[in-house]
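The block underneath contains the structure these notes are about, expressed in structure tokens.
The values are calculated or read from the model by the stated rules, or taken from the named source; none is laboratory data. In this text the structure is predicted, and so the values were computed from the model without any measurement. Methodologically, a virtual Cβ is constructed for each residue, glycine included, from the backbone with ideal geometry; neighbour enumeration extends over all protein chains shown.
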Amino acid sequence: MNASEDLLQNTIEKFWDTIPSVWGYVRENLRANAIKDFGLTLIQFHILRHVCHGIDSIGELAEKQQISRPAISQAVDLLVEKGLAERRRAEDDRRYVHIDLTEAGSELLDSVFNKNHLWIAEQMADLDEGQLQTIIKALDIMKETFVSACD
């Protein structure tokens with residue numbers, strides 16, 4: 001059974017009115033924490049996050065961030081100096097350098113994300129159990145709708 005066209009259009013409008021702004025606040029809080037509380041620049045935070053997700057070369061990082069290789073390389077150098085990342089030559093091709101997080105880099109990222117998690121919990125603290133269950137259900141439906149559509 002399909003929803004009425006008016007209800008569908010209202011849902012789409014509510015989606016566009018809600019999701020980008022909510023995600024924007026969450027993302028901005030995450031970035032602000034990384035910069036203010038953990039002494040990272042925005043690009044350093046993004047590099048750590050991307051390396052954590054498996055992007056591990058200067059070229060890949062530059063492409064992902066859409067900035068020059070020298071700029072990424074310089075930011076990586078600063079992360080290495082801070083002890084948050086390390087460069088590792090590939091075994092099979094000594095010209096290729098992998099970027100890895102150090103234990104300190106992983107711990108820092110965990111701290112940034114944990115602080116953001118606590119902030120989200122503070123934002124949602126006044127919601128009752130029914131409201132939280134509704135949000136979970138709605139998010140499950142959205143994930144099922146959009147993720148399965150993209151697979």
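The figures follow:
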read-out	value
Any chance Arg49 is surrounded by 15 or more Cβ atoms within 10 Å (Cβ to Cβ), of a type in the set (Lys, Arg), free of Cβ contacts under 8 Å to residues at least 24 places away in the same chain and part of a helix (DSSP H, G or I)	no
Any hit, the stretch 79-92, residues being in a loop (DSSP other than H, G, I, E, B), more than 21 Å from Gly39 (Cα to Cα) and among the charged types (D, E, K, R)	yes
Test result for Ala85, over 30 Å from Met124 (Cα atoms) and in contact with a Leu (Cβ under 7 Å, 6 or more places away or on another chain)	yes
Matching residues, the stretch 1-38, being surrounded by fewer than 11 Cβ atoms within 10 Å (Cβ to Cβ) and either touching a Lys or Arg at 6+ places or on another chain (Cβ under 8 Å) or aliphatic (A, V, I, L, M) (or both)	Met1, Ala3, Leu7, Ile12
Residue check for Val112: at pLDDT 90 or above, under 21 Å from the mean Cα position of the chain (by Cα), under 30 Å from Ala138 (Cβ atoms) and surrounded by 14 or more Cβ atoms within 10 Å (Cβ to Cβ)	yes
Residue list for the stretch 59-78, filter: β-branched (Val, Ile, Thr) and outside any helix (DSSP H, G or I)	Ile67
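Yes/no per residue for (1) surrounded by 11 or more Cβ atoms within 10 Å (Cβ to Cβ); (2) over 21 Å from Phe113 (Cα atoms); (3) in contact with a helix residue (DSSP H, G or I) (Cβ under 9 Å, 6 or more places away or on another chain); (4) free of Cβ contacts under 8 Å to residues at least 60 places away in the same chain:
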site: Gly59; (1), (2), (3), (4): yes, yes, yes, yes
site: Gln66; (1), (2), (3), (4): no, yes, no, yes
site: Ile72; (1), (2), (3), (4): yes, yes, yes, yes
site: Glu81; (1), (2), (3), (4): no, yes, no, yes
site: Leu84; (1), (2), (3), (4): yes, no, yes, yes
site: Glu91; (1), (2), (3), (4): no, yes, no, yes
site: Arg95; (1), (2), (3), (4): no, yes, no, yes
